1. Check C:N34 against each of (1) buried (at least 19 other Cβ atoms within 10 Å of the Cβ); (2) more than 17 Å from C:F155 (Cα to Cα); (3) at the interface with chain B (Cβ under 10 Å from one of its Cβ atoms) and name the one condition it does not meet.
2. Within the set of pairs 6 or more residues apart or between chains, which connect a residue that is under 18 Å from C:Q112 (Cβ atoms) inside region C:6-23 to a residue that is charged (D, E, K, R) with Cβ atoms less than 6 Å apart?
3. Which of the numbered conditions does C:E345 fail, given that it passes all the others? Conditions: (1) away from chain A (no Cβ under 14 Å); (2) among the charged types (D, E, K, R); (3) within 22 Å of C:S454 (Cβ to Cβ).
4. Can you find even one residue in region C:127-143 that is within 14 Å of another protein chain (Cβ to nearest Cβ), surrounded by 24 or more Cβ atoms within 10 Å (Cβ to Cβ), in contact with a Pro (Cβ under 8 Å, 6 or more places away or on another chain) and at negative phi?
5. Within region B:42-101, how many residues are more than 9 Å from chain C (Cβ to nearest Cβ) and assigned to a loop (DSSP other than H, G, I, E, B)?
6. Just to be sure I understand, how many residues within region C:271-286 are farther than 17 Å from C:P222 by Cβ and at pLDDT 95 or above?
7. Based on this model, can you work out whether C:G205 counts as buried (at least 19 other Cβ atoms within 10 Å of the Cβ), at pLDDT 95 or above and assigned by TED's automatic domain parsing to the domain that holds C:T154?
8. Being assigned by TED's automatic domain parsing to the domain that holds C:R200, modelled with pLDDT of 95 or more and out of contact with any Phe, Trp or Tyr (no Cβ under 6 Å at 6 or more places or on another chain) is the requirement here; does C:E138 meet it?
Amino acid sequence: MAKFTPQFVVTGNLTDDGSVTYLKLDRGWTPRLDEAAVVESEGVGQELLQAARAEERQVCDPYLMKVRALGAVIEPLSARERIRAEGPTTRLRRPDPTL
Amino acid sequence: MELIENGRVVEDRFTQLQDAQPIAERGDILVSFERLQGQHEALLEREGRLGVRIGPDVEPEELLPYLSQLSVIAIEFASFADGRGYSTARLLRQRHGYRGQLRAVGNVLRDQLFYMKRCGFDAFELQAGRSLDDALEAFSEFSVIYQGAADEPLPLFRRR
Amino acid sequence: MYQYDSHDQRIVDERARQFRGQVERRLEGSVLENEFKPLRLQNGLYMQLHAYMMRVAIPYGLLSSGQLRKLADIARRYDRGYGHFTTRQNLQYNWPALEDVPKILEELASVQMHAIQTSGNCIRNTTSDHFAGIAPDEVADPRPYAEIIRQWSTFHPEFAYLPRKFKIAVGGSEDDRAAVYFHDIGVFLVRSERGELGFRIVAGGGLGRTPLVAQVVRDFLPEPELLAYLESIMRVYNRFGRRDNKYKARIKILVEALGIEEFRRLVEEEWHKEREQGALLLPAEEVARVAACFEPPPYRQLPPAGAQLEAFRLDRDRGFGHWVKNNVHPHKRPGYAAVTIALKEKGTPPGDVSDYQMERVADLADEFSFGELRATHLQNLVLADVEVSRLRELYEKLSALGLDAANAGKVTDLIACPGLDFCNLANARSIPVALDIMERFEDLDYQSDLGELSIKISGCINACGHHHIGHLGVLGIDKQGVEHYQLMLGGSSGQGASPSLGKIIGPAFDRDAIVPAIETVLQTYLALRSSEDERFIDCYRRVSAQPFKEALYGTH
């Protein structure tokens, strides 16, 4: 497999409901990873992160996550981030038997 | 600077002396524990009240020789998460009978004031930039307490 | 159960109000997240992968039907229609919005419940035996003491900022059904030679990175000294526990570093000084006041039901027969039994139950068990006072709800933490492994043959799934970004066997191999056991790890 350099996305959890959120190019926030701003260098990522950290009312504890971006497809590089992006892998609730 | 003392916002009358600064002949001063131990004589031979500032790892027993000379013991919370000061304060108040001012200093947050007061603190220096008037409300947040402590020695089950 | 008086009620009301203020200040920006975090933790509100998670305290696991209905209502109105029962007898909601949490606390307060100190570096929920008050082997009912400890520890002003979290458990019998030896402080009810009731106090147990069985600090502590002694242990810990390293900050590290002799010396020195002041002496009147809340319910006079139970076990309906064999437990009173409602249905994460199911179970508690039930640290529920003659009726109603899993104490009655599907701390997912095991071993006759088994699954080393004390323990790890699972054998929580820590059997297995590996272990057990009656844990202790290692990895 060819080596590649990871790219970076700023992510965190929304203060209001704890849901997963990603920083967009226009500095807004989105629940969709495919709308996230991808930066090539960790340095630039850190700058974005510093600005994001100031937005405490909006987002809790943002951090940099590593991704691999191929065109429009942005892939997380860890199981943890995959699950954050896609939700729990188990069904949340059984149907009620009498319904 | 301002601090909360006995439920009111007041001006601090004590001057915090750094170790390198000379000991003023008059006035109320707060010195480090090292200085209290090292320059004990000099500190007693002056007018004005004496206070000491101790870190979280100073044990109450170490202060016993000085208790009657100290108007203020300022217990430092290096991090709000370091809870040793609560035990230190309680022991000074309840076990060693200290009657002077117990002051909480350092990383002191509004939402700790209620517990601190219960443990025997009667003065509080809050983190810079925080509203002291708003903090005063913290003292009356709970009207019922289960345990005995410095403010009320008997647990609820002895008071029911 | 304990009824709040006006003092107790005011405490939870004021706490809900205090937190409302704290949330408002967070949402308007006058308090920062790093200051808000310890406050929300002290109200049991975590930030997890996808959402906030709120942990509601269920003191020593005891619930009234009214409280369970309220929990169902909250799940429906403020969450996604279900709750999760945990390995410390608490309930978790996985999807609350921050601004709803003050309202949730108010709703909880209206039924004498709260989320106080279910997180943070403070004294957590005090847990106990789910058969408290009804177990035939009980020395005395541990619940009054658990309640007294709850009140003493709630908002204790001196111990709100400990080096780390602190967990206390109380056991009422020699057979340890509450994993007491794996708590920071364990309290066992015992009788002295003269018949006086008192406590054996143990300390320094725990799991996680440094698993340890607790050591005895005092063999016999007279009843009135309980709180003074506990306070002394807490003060020694608060003053001398390590604060430099989060992973070395529990009291077990202090006990190990000092040695039990020195630890005991420090505690008892403090205890003697505490006794001089006398404020913490526990009067008999207070014990009686609290114990009065745990008086036996109005049992009927019934004949012994041994023959009836035997007949049920052989019933034509094999599902019912297995259920009576596994899920029905001995009771002090003739004609009564305790019933486990195993929250271990195939296809559902262990411990999860829907709002609808919670409401129906509340009705069953009213109908069959004097309106009360217990949450267990095995992520199940217990109806403690069921008439044996009504067991079939109860079973049929549970079947209609999908809550008739007849597997209590068997291989599919496993426990699992939420794992990487939910938890910020996890390295691997635990729920899918649990679901696979529950499917693979679902045949009740096979489960019967395998006998008493506890499988415990954790998604990371923090061990919320108690993997060190499972007969089989599974620990999820991250091996270069891929989920792997370490298998350990021979642990015991202390129930039915002496407490012990499991040992890792060999290299970790990947996701596809872990369940077949468990199958191999169990097949090996079946081949090696000296008789049908030799349980897995006894067989393992007799033959040791070697044959299991060979079966899994071959001989080299």
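1. Result: C:N34 fails condition (1) only.
2. From region C:6-23, the pairs are C:A16/C:E106; C:Q18/B:E141.
3. (1)
4. No, region C:127-143 contains no residue that is within 14 Å of another protein chain (Cβ to nearest Cβ), surrounded by 24 or more Cβ atoms within 10 Å (Cβ to Cβ), in contact with a Pro (Cβ under 8 Å, 6 or more places away or on another chain) and at negative phi.
5. Let us first name the residues in region B:42-101 that are more than 9 Å from chain C (Cβ to nearest Cβ), namely B:42-55, B:57-58, B:60-76, B:78, B:92-93, B:96-101.
Those still in the list that are assigned to a loop (DSSP other than H, G, I, E, B) too: B:45-49, B:55, B:57-58, B:70-71, B:78, B:96-100.
The number of residues fulfilling the criteria is 16.
6. Looking only at that region, the number is 1.
7. Details: buried (at least 19 other Cβ atoms within 10 Å of the Cβ): yes; at pLDDT 95 or above: yes; assigned by TED's automatic domain parsing to the domain that holds C:T154: yes.
Answer is yes for this residue.
8. Details: assigned by TED's automatic domain parsing to the domain that holds C:R200: yes; modelled with pLDDT of 95 or more: yes; out of contact with any Phe, Trp or Tyr (no Cβ under 6 Å at 6 or more places or on another chain): yes.
Against the criterion (assigned by TED's automatic domain parsing to the domain that holds C:R200, modelled with pLDDT of 95 or more and out of contact with any Phe, Trp or Tyr (no Cβ under 6 Å at 6 or more places or on another chain)), C:E138 qualifies.
The values are calculated or read from the model by the stated rules, or taken from the named source; none is laboratory data. Treat the numbers as computed from the prediction; the structure is a model and nothing was measured. Every residue, glycine among them, receives a Cβ derived from its backbone with ideal geometry; neighbour counts consider all protein chains shown.
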